[in-house]
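One structure is given here, and the rest of the page talks about it.
The values are calculated or read from the model by the stated rules, or taken from the named source; none is laboratory data. Predicted, not measured: the structure shown is a model, and the values here were computed from it. Reconstructed Cβ throughout: ideal geometry from the backbone, glycine too, with neighbour counts over all protein chains shown. Surface accessibility is based on the protein's heavy atoms, side chains included, excluding ligands, DNA and RNA. Shrake-Rupley method; radii C 1.70, N 1.55, O 1.52, S 1.80 Å.
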Amino acid sequence: KNINDVQKSVLFARKWNMLVSVKTSGHDFIGRSTAHGSLMIYLGSMNDTKVNLSSTRNPAGEITCESGNTWLKVYNEVDKINRVIIGGSAHTVSMAGYTLGGGHSPMSRMFGMAVDNLLELELVTADGRIVVANDQMTHITYPNGSVTTSDDTDIFWASKGGGGGTFGIATKFTYKLHYPAPQVVQFVCGYPIIRPGGQDIGFTVLKKMFLMVQNLPKEWGGYLVASGLPGANGNWGSIVLAMNHYGNYVSASRRYMDDLFFFHKEWQSFCYYVNRTTFLDYEVTAKDPEFYSGYIMNTLLQKESFTDDLTRFLLKELETEHTNISSFAFTGTLLGGEMMNVGAHDTSVHPGFRTALMSLSATIGWDTSTLDYSGLPERGAVVGEQLSTFGDGQYPNEAGKDVVHWQQEFWGSNYKRLLAIKHQWDPDNFFTCRECVGSESHHTHASGHLNTHPFVPAVG
């Protein structure tokens, strides 16, 4: 329920040589927040928030959130004071893993990633120290009550994209707030891949949408979503651009999307604008399924990635992976804009994030009632490896569990420094998880467990 509980749990686990797992919302696709035989430290009950509109660090103010808050709760809190914040789109996502992995948002093109908006964090280290860190200082309170302060900010840098579950247990985050737009415009436009009678329009439509997102004004954010499933009225498959515009309907940046609005109206399944009063008014329309079954994969796409070969690859997967129990789908989160104004090494996310226009996450999915899905995860690993060749880097929060060179794919040239910081702050590799910084070590975990990764997706 509080940071003292977390500290005591860590010290207890160290005393008795126990493996530790850490969970807030458990929104991790490859099971980093669960581990067989572990002491689970659950942070979901730590959900206090505190707003400071007189901040000297950010003109629009700041908010401090304990790790267990969900983003929808925080959106409601900041809406009450006429502010917005960079956070996740899925309503059940919490602060910790989202932010520590980088954190993209429907407004990242306007205001950057979550780590670009992180002012300070609090965490408990592997030896029970309580740390408060920002870009100016690191304040440490030791279990015996003594304190130190230094200007070494490595742990703050590592926490700005180096991933969860490895440097410490983050219990509190302080973020920049932003002034809201006078209006938010929602735009949704969808096409089938194959029309009735067999007319295949997928290549033309997807290529057009890729062209639109390459030259997008930063006021636009959102998602490109496609699935390979039968549709209504004899259509097959779907390609949808679901967008939000941070500004007035009458603005020039909003009119940019009219090009797609009038593109082959006769092909469209739907295409419309909706005026929303606030970002929260838009965000509450985002609904995540309670659960789903599938194998996830990811790549970060730069401008040069949007080739005809990529278009053909994705359409081939949409059409050929469809069976009586499985299908292929992808969601491309739009990046760029203000994200590109942050240096490649200013935060610890993969440098590819600073040149990317899209984080494309795909799944080979199967019906949740299917008991025998043998071969599908293996197929997903193969397709994921092929997908990764089109981009530079992967988003660790949405990547697969079989990424071969995950150190390079998740963190690129930032990994060497991250690993050095890991060795400094957790030399015994007490905190570990699948595809986390330092987890390639073949040495015995501090608990006595060999690092064979008991971290696997939980069932039940």
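With Cα atoms defining each centre, the range 316-351 and the range 76-115 are spaced 18 Å apart in the structure.
With the contact rule set at Cα under 8 Å and sequence spacing of 6 or more, what percent relative contact order holds for the chain?
On the way: 1039 pairs, mean separation 82.5, N = 460.
This gives 18 percent for the chain.
Select from the range 262-339 those trypsin sites (Lys or Arg not before Pro) which occupy a DSSP coil region and have at most 10 other Cβ atoms within 10 Å, ordered by residue number.
Values: sites: 265, 276, 287, 303, 312, 316; in loops: 287.
Those satisfying the criteria are 287.
Short to long, the 10 Å bins of the Cα pair-distance histogram for the range 258-344 hold 10, 26, 42, 21, 1 percent of all pairs. Estimated from the Cβ-Cβ distance and a Förster radius of 30 angstrom, the FRET efficiency linking residue 373 and residue 404 is about 0.85. Between residue 341 and residue 90, residue separation times 0.36 nm minus the direct Cα-Cα distance comes to 87.8 nm. For the chain, the longest principal axis of the C-alpha atoms and the axis of helix 202-214 are separated by about 50°.
How do 20, 284 stack up against each other in accessible area, from largest to smallest, with a 1.4 angstrom probe? Walk me through the numbers on the way to the answer.
On the way: 20 5, 284 60 Å².
Final ranking, largest accessible area leading: 284, 20.
Under the simplified labelling scheme, the residue 179-residue 269 pair shows an inter-label distance of 4.0 nm, with each label point 7 Å from Cα along Cα→Cβ.
Normalised by 2.2 N^0.38 Å, where N is the number of residues, the alpha-carbon radius of gyration of the range 166-234 equals 1.76. Solvent exposure of residue 288, expressed as accessible area, is near 80 Å², computed with a probe of 1.4 Å over the protein chains only. Taking the 1.4 Å solvent-accessible surface of the chain as the whole, the part contributed by carbon and sulfur is 53%. Compactness of the chain, taken as the C-alpha radius of gyration over 2.2 N^0.38 Å, stands at 0.98.
For the chain, the longest principal axis of the C-alpha atoms and the axis of helix 3-15 are separated by about 70°. So which cysteines of the chain have no other cysteine's Cβ under 4.7 Å from theirs? That list is 65.
Residues 83, 57 ordered from highest to lowest accessible area at a 1.4 Å probe: 57, 83. Residue 340 contributes about 80 Å² of solvent-accessible surface, heavy atoms of the protein only, 1.4 Å probe. When the surface is traced with a 1.4 Å probe over the full set of protein chains, residue 32 keeps roughly 40 Å² accessible. Residues 56, 277, 204 ordered from highest to lowest accessible area at a 1.4 Å probe: 56, 277, 204.
Of the chymotrypsin sites (Phe, Trp or Tyr not before Pro) in the range 6-92, the ones in a loop by DSSP (not H, G, I, E or B) with at most 14 other beta carbons within 10 Å are 16.
Starting from 0 in steps of 5 Å, tell me what percent of the Cα-Cα pairs of the range 1-118 lands in each bin. All Cα pairs considered, the percentages come to 2, 11, 18, 21, 18, 13, 8, 6, 2, 0.
May I ask you to give the solvent-accessible area per residue for the range 242-347, in square angstrom, as obtained with a 1.4 angstrom probe?
Values: 5020 Å² over 106 residues.
Accessible area per residue, the range 242-347: 47 Å².
Counted residue by residue at 0.36 nm each, then reduced by the alpha carbon distance between them, the extension gain from residue 53 to residue 386 reaches 115.1 nm. The angle separating the long axis of helix 415-425 from the principal Cα axis of greatest extent in the chain is about 30 degrees.
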